Amino acid sequence: MAINPNNTLPARHVFYTATTGGGKSMAVQYAGFVPRVPCLAIFDPYGDYLYKTGSKRDNGFGGKRVYHYSTRRGFARAFRQAWGTRKCFRIAYKPPKPNRAEMLWFCELMWAAADGDRRLDVVIEEVAKWVESTAKEQSILGECMTGGRKFGLVMHTVAQRPTEVPKTITSQSPYKIVGMQESRADAERMMKELDCGFEEIKSLKALCYLLKSPGLSNFSSFKIEMGEWSKNQTTTNLAIDRTTI
């Protein structure tokens, strides 16, 4: 059960969306919303953050090793050990048959560990695949989104299509990172969230994004510079003070 509620903690949840090839996972890694030295747990059903020594493609999270576990017991044991050390870690749960039940189990574990005296960053990849509707999400995922802030949880939810994501997720995420969109319906959904024009979303290319920050019509653009898949990748034009995130 989450402990040590702290209502002074700021809202930090981030929602990331872009079509295939738009750079969702790259934004999670390099947009600056996950600390460089994190306590990070990832629901990674398709291995987006696998790490292989010498590989330019499987470079973990921001070039750092991510330890993956395919069983509940293995992941739970590793997570508890890592969280108990009070040191940084990057671990991921990659079930052999990803589904909503596995995602909810992962969120239950995150909620049980949540501590208002400590920050825990949690990434949910392909979140639209694990929800039942676009209405209010009343599961433990919804609890993490609505109540996690005061218990130190920072939820990073990732989806290809924003029209398939519950409003609980978008409304509880004061920061939204919007990349390339494939359909007008998805673009119009994010136009309303950002209070921007259609052309501003239509003109986005791979690794180019609009960032919605707290406040009406408060958005800016940025891109991730890509030479190679390496730890030297940087973000530019990110018009926020990341020390407060």
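Name the residues of the stretch 169-205 whose amide N is less than 19 Å from a point 7 angstrom out from the Cα of THR20 along the C-beta direction?
Once the point is set 7 Å along Cα→Cβ of THR20, 179-187, 205 turn out to lie under 19 Å by backbone N, inside the stretch 169-205.
Sum up the charges of everything whose Cβ sits under 14 Å from the Cβ of PRO98, counting Lys and Arg as +1 and Asp and Glu as -1, but leave PRO98 out.
Around PRO98, the charge tally is 0.
Lys and Arg at +1, Asp and Glu at -1: add these up for the other residues within a Cβ distance under 10 Å of ASP48 and post the number.
For residues surrounding ASP48, the net value is -2.
Apply 1/(1 + (r/R0)^6) to the Cβ-Cβ distance of GLU182 and SER133, taking R0 = 25 Å, and write down the FRET efficiency to the nearest 0.05.
In this case the efficiency is close to 0.75.
Please list 3J(HN,Hα) in residue order for the stretch 91-103, calculated via the Karplus relation 6.51 cos²θ - 1.76 cosθ + 1.60 where θ = phi - 60°; whole Hz, with x for glycine and proline.
Result, ordered by residue: 10, 9, 10, 10, x, x, 10, x, 7, 4, 4, 5, 5 Hz.
Check cross-link reach from LYS64 to the lysines: straight Cα distance under 20 Å, and skip same-chain residues fewer than eight apart.
Once the sequence-local lysines are set aside, what remains near LYS64 is LYS24, LYS52, LYS56, LYS87, LYS94, LYS231.
What does the charge dipole of the chain about its Cα centre add up to, to the nearest 20 debye, if the Cβ of each Lys and Arg holds +1 and the Cβ of each Asp and Glu holds -1?
So the dipole magnitude of the chain works out to roughly 800 debye.
Quick check: residue separation of ASP115 and GLU199 times 0.36 nm, minus the Cα distance between them. What number comes out in nm?
Full extension of this stretch gives 26.0 nm more.
Compute the normalised compactness of the chain: alpha-carbon radius of gyration over 2.2 N^0.38 Å, N being the residue count.
0.95
Sort out for me the Cα centre separation of the stretch 123-170 from the stretch 1-65, rounded to whole Å.
So the two Cα centres are separated by 15 Å.
What's the FRET efficiency of SER55 with ASN99 using the Cβ-Cβ distance as r and R₀ = 41 Å, to the nearest 0.05?
So the FRET efficiency works out to roughly 0.90.
Fewest to most neighbouring Cβ within 10 Å: what's the order for LYS205, LYS223?
By the 10 Å Cβ count, ascending, the order reads LYS205, LYS223.
Computed from the coordinates by the stated procedures, all read-outs in this text should not be read as laboratory data. All values reported here derive from a predicted model rather than from experimental measurement. A quick note on method: Cβ atoms are made from the backbone with ideal geometry, for glycine too, and the neighbour counts reach across all protein chains shown.
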